[in-house]
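Below is one structure; the comments refer to it alone.
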Amino acid sequence: MGLFNKKVENKTEHIVVFLLRQKDACAWVCAVDHATKQLELIDERKFSTSHTWDSLEYDIDEVLFNFEKELDVKIQKATFFVYSHLIDPQTGELQNQYMEKLKSVLVANSLESLGYIEIEESLSQTYAQNEHMPLNAMLLEVDVSSVFICVYKGGKKLFHEACAKSGNVIIDIENILAKMPTSLLLPARILMYDSPAVEHESHDILMHAWNDKRFIQLPQVGIVKESDLKGAIIHGVSQELF
């Protein structure tokens, strides 16, 4: 999602990649060699953000300053990965308040935009590539205030919905599934990412008595590791650039 500059240059440039949650974020600096179509991760760091990204311009300014000082590089381009519950379901675009904040970040830090991507899109593509088959799974995204579900079957996105986080992941999942067409059978695989209580919640999901009319068979839960999330993000940037 979003527009990317695909102009080929014969030199290495440095770009910054951000994963933006509602209370924290990750940033990666990558070296891009357009001649060989290689993307190399050279540094990374985490930083805090406010719930509404009020000070995001200043947070990112500090991160960029430290990157450029320590690495002795100039960073002029940025791309953003965002959580799917921040997308407006009517327009399919980033909600206006978050879009305006990203524009403000770009202007304040003199950055050229390489666009934005939903994290679940990169995860689905990476799993399909690594497993050499189209993804059949329910992606479960847990952020500070929201829970988001996206159902893939045969590599196609068939259903997606978000709800406000209640504090009980089972209730949240059931609330979302209640909005799903009854004719859609769920794949027996749940891929869960970024909940601070992922071990506890994944156990609750496994032990829950799910409606057998919803799932093809009792679901198994896979936890997306932080390293896998990072790999999906870097893969997503590489796909868009090249």
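The values are calculated or read from the model by the stated rules, or taken from the named source; none is laboratory data. Quantities reported herein were computed from a predicted structural model and do not represent experimental measurements. Using ideal geometry, Cβ is built from the backbone for each residue, glycine included, and neighbour counts are taken over all protein chains shown. Just so you know, the surface numbers come from the protein's heavy atoms only, side chains and all, with ligands and any DNA or RNA stripped out. Shrake-Rupley method; radii C 1.70, N 1.55, O 1.52, S 1.80 Å.
Some points to look at:
- Looking only at the stretch 65-87, and only at residues there that are outside any strand (DSSP E or B) and within 15 Å of the chain's Cα centre (by Cα), the one that is farthest from Glu120 (Cα to Cα): Leu86
- Qualifying residue in the stretch 224-239 (condition: over 20 Å from the mean Cα position of the chain (by Cα), surrounded by fewer than 18 Cβ atoms within 10 Å (Cβ to Cβ) and at negative phi): no
- Of all residues in the stretch 88-106, exactly one satisfies the criterion of being open to solvent by 20 Å² or more (accessible area, probe 1.4 Å), among the aliphatic types (A, V, I, L, M) and touching a residue at least 12 places away in the same chain (Cβ under 8 Å), namely Leu106.
- Taking the listed residues Lys69, Lys11, the one that is at pLDDT below 90 and loosely packed, with under 15 Cβ neighbours inside 10 Å is Lys11, with no other qualifying.
- Sole residue being assigned to a helix (DSSP H, G or I) and not aromatic (Phe, Trp, Tyr), chosen from Asp54, Asp59: Asp59
- Given (1) open to solvent by less than 70 Å² (accessible area, probe 1.4 Å); (2) hydroxyl-bearing (Ser, Thr, Tyr); (3) in contact (Cβ under 8 Å) with a residue 12 or more places away in the chain, index of the condition Ser55 fails: (3)
- Scanning the stretch 107-145 for residues that are surrounded by fewer than 18 Cβ atoms within 10 Å (Cβ to Cβ) and of a type in the set (A, V, I, L, M), we see that the one that is nearest to Glu161 (Cα to Cα) is Val144.
- For the stretch 211-223, the tally of residues that are in a loop (DSSP other than H, G, I, E, B), open to solvent by 20 Å² or more (accessible area, probe 1.4 Å) and in contact with a strand residue (DSSP E or B) (Cβ under 9 Å, 6 or more places away or on another chain) stands at 2.
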